[in-house]
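Worksheet: the structure to be examined is printed underneath.
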Amino acid sequence: MPDESWVGRSLDPSDPYQVSRVKIREFATAIGEDSRICHDVGAARAAGHPDVVAPPTFAATITMPLIESFLRDPAFGWDYSRMVHGDQSIALQRPIRAGDELVTVIHVDDLSTRAGSHMLTLRCELTDADGAAVASTKAMLVTQAAS
Amino acid sequence: MSELTTVAEGDELPPLTVQVTRADLVRYAGASGDFNPIHWNDRTAGAVGLPGVIAHGMLTMALAGRFVTGWVGDPAALRSYGVRFTRPVVVPDDDEGATLELSGKVKALTETDGVRIAKIDIVAKFDGRTVLGRAQAEIALPG
């Protein structure tokens, strides 16, 4: 049984994630995104960006390992092995770009049990090195309740 | 992109068909760091009751996002985006892989601080059935 006392709480801020050109290009290639602003620094600058730009869902890629390490912590009581991704949303204040150092804070927004499943909503707030909000992601995760 | 200056509510986006192969899943696993074996190992997928290896939900979401940003021609223009994962995309171990059919429609047009924002309803289909629910994106239109 997941620990419901977590609802409404947030985790300590993550270590900064350094966004690299190489990782952005690798991610863009993996989703078939061939826009030059994701691959070429000159093209990104010509379009008004300081460096290459990450495709929008890259934000969730930054947060997933942080979510995983929280959910694998036995203290929370979550069955990670049977977890399913229910829904996902992303809001961007600006595009993520190479050179960003992003700190994530995970907020436990909701936890409920219905029809034999635990449903957990985690919200991640990503801020840059100046403390400005960059992105907000929300994931609803489902796992089977122990029978 | 001149047609974007005359975008109206109800307009359909040009549809996009994407083939997703096992190689694409391996590449996405590496790029995203999601190495869950249900996305590359038939034995694991079968053991948890899936009909076969399935695509990462986040890959399907990313491809549907690319469909919308490709329409505008700018991956930096997306403001918000949300989906529900309603059905898995099963990716067979062959050369064609799975076929994902993407279509979308302009649900609403608004203006914020002088920027035109299009709200897009997205439909993603695999095997004739939708795999994303409530898929909606808000994207800034140029000019």
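All of the numbers you see were taken from the coordinates with simple rules; none came from a lab. Nothing here was measured: the structure is a model prediction, and the numbers come from that model. Note that each Cβ is placed from the backbone with ideal geometry, even for glycine, and that neighbours are counted across all protein chains shown.
Would you kindly state how much longer the chain becomes between B:Thr130 and B:Val26 on full extension, computed as 0.36 nm times their sequence separation minus their alpha carbon distance, in nm to one decimal? Walk me through the numbers before you get to the answer.
Numbers: separation 104, 0.36 × 104 = 37.44 nm, distance 2.35 nm.
Here the answer is 35.1 nm.
Along the charge dipole of the range A:27-130, pointing to its positive end and built from +1/-1 on Cβ of Lys, Arg, Asp and Glu, which listed residue (A:Ala60, A:Gln88, A:Thr127) has its Cα farthest out?
A:Gln88
What is the magnitude of the charge dipole of chain B about its Cα centre, with +1 placed on the Cβ of each Lys and Arg, -1 on the Cβ of each Asp and Glu, and no other charges, expressed in debye to the nearest 20? Don't skip to the answer; put the middle values down first.
Working: 14 positive and 18 negative charges, 90 e Å.
Its charge dipole is roughly 440 debye.
Give the value in nm², to one decimal: projected area of the alpha carbon convex hull of the range B:29-115, averaged over all directions. Don't jump to the answer; show the numbers that get you there.
Numbers: hull surface 30.2 nm².
Taking a quarter of the hull surface, the average projection is 7.5 nm².
At R0 = 30 Å, how high is the FRET efficiency between B:Asp42 and A:Ala146 if r is their beta carbon distance? Nearest 0.05 is fine. Before the final figure, lay out each step's value.
Numbers: r = 28 Å, r/R0 = 0.92.
According to the calculation, E is roughly 0.65.
With N denoting the number of residues in the range A:1-98, provide Rg(C-alpha) divided by 2.2 N^0.38 Å, to two decimal places. Kindly include the intermediate steps, with their values, before the conclusion.
Values: Rg = 16.8 Å, N = 98, 2.2 N^0.38 = 12.6 Å.
So the range A:1-98 has a normalised radius of gyration of 1.34.
Pick from A:Gly48, A:Gly86, A:Gly77: which residue has the top mean-square fluctuation in a GNM of chain A where Cα pairs under 10 Å get a spring?
A:Gly48
So what does log10 I(q)/I(0) come out to for the protein assembly as shown at q = 0.08, 0.11, 0.14 Å⁻¹, using the Debye formula with one equal point on every Cα and no solvent?
The Cα Debye sum returns log10 ratios of -0.34, -0.65, -1.08.
For chain A, give the magnitude of the charge dipole about the Cα centre (Cβ charges: +1 Lys/Arg, -1 Asp/Glu; no others), in debye to the nearest 20. Please list the in-between numbers first.
Values: 13 positive and 20 negative charges, 70 e Å.
Here the size comes out at about 340 debye.
Pick out which of B:Val89, B:Val48, B:Val26 has the largest mean-square fluctuation in a Gaussian network model of chain B, springs linking Cα atoms closer than 10 Å.
In the Gaussian network model the winner is B:Val48.
Sort A:Met140, B:Met58 so that the residue with the fewest other Cβ atoms within 10 Å of its own Cβ comes first and the one with the most comes last.
A:Met140, B:Met58
Apply the Karplus parameterisation 6.51 cos²θ - 1.76 cosθ + 1.60, with θ equal to phi minus 60°, to every residue of the range B:40-51 and state each ³J(HN,Hα) to the nearest whole Hz, in sequence, with x for glycine and proline.
Once θ is set to phi - 60°, the couplings for the range B:40-51 become 8, 10, 4, 5, 5, 4, x, 5, 9, x, 8, x Hz.
Let me know the mean shielding of B:56-67 by other chains, meaning the per-residue number of their Cβ atoms within 10 Å of its Cβ. Walk me through the intermediate numbers first.
Values: counts 2, 6, 8, 4, 0, 9, 12, 4, 1, 6, 9, 0.
Mean number of neighbouring Cβ atoms from other chains: 5.
For Cα pairs less than 8 Å apart in space and 6+ apart in sequence, what is the mean separation divided by the residue count of the range A:15-72, i.e. the relative contact order in percent? It would help to have the intermediate numbers written out before the result.
Values: 46 pairs, mean separation 16.7, N = 58.
With pairs under 8 Å counted, the relative contact order is 29 percent.
Which of B:Glu138, B:Glu3 comes first, and how do the rest follow, when ranked by fewest Cβ neighbours within 10 Å? Write out the running numbers ahead of the final one.
Values: B:Glu138 21, B:Glu3 9.
In increasing order of surrounding Cβ atoms, one gets B:Glu3, B:Glu138.
Not counting the cut sites, what is the longest span of chain A without trypsin sites (Lys or Arg not before Pro) that DSSP labels loop and that have at most 15 other Cβ atoms within 10 Å? Intermediate values should be presented prior to the final figure.
Numbers: sites that count: A:Arg9, A:Arg72.
Counting only loop sites that pass the neighbour cut-off, the longest clear stretch is A:73-147.
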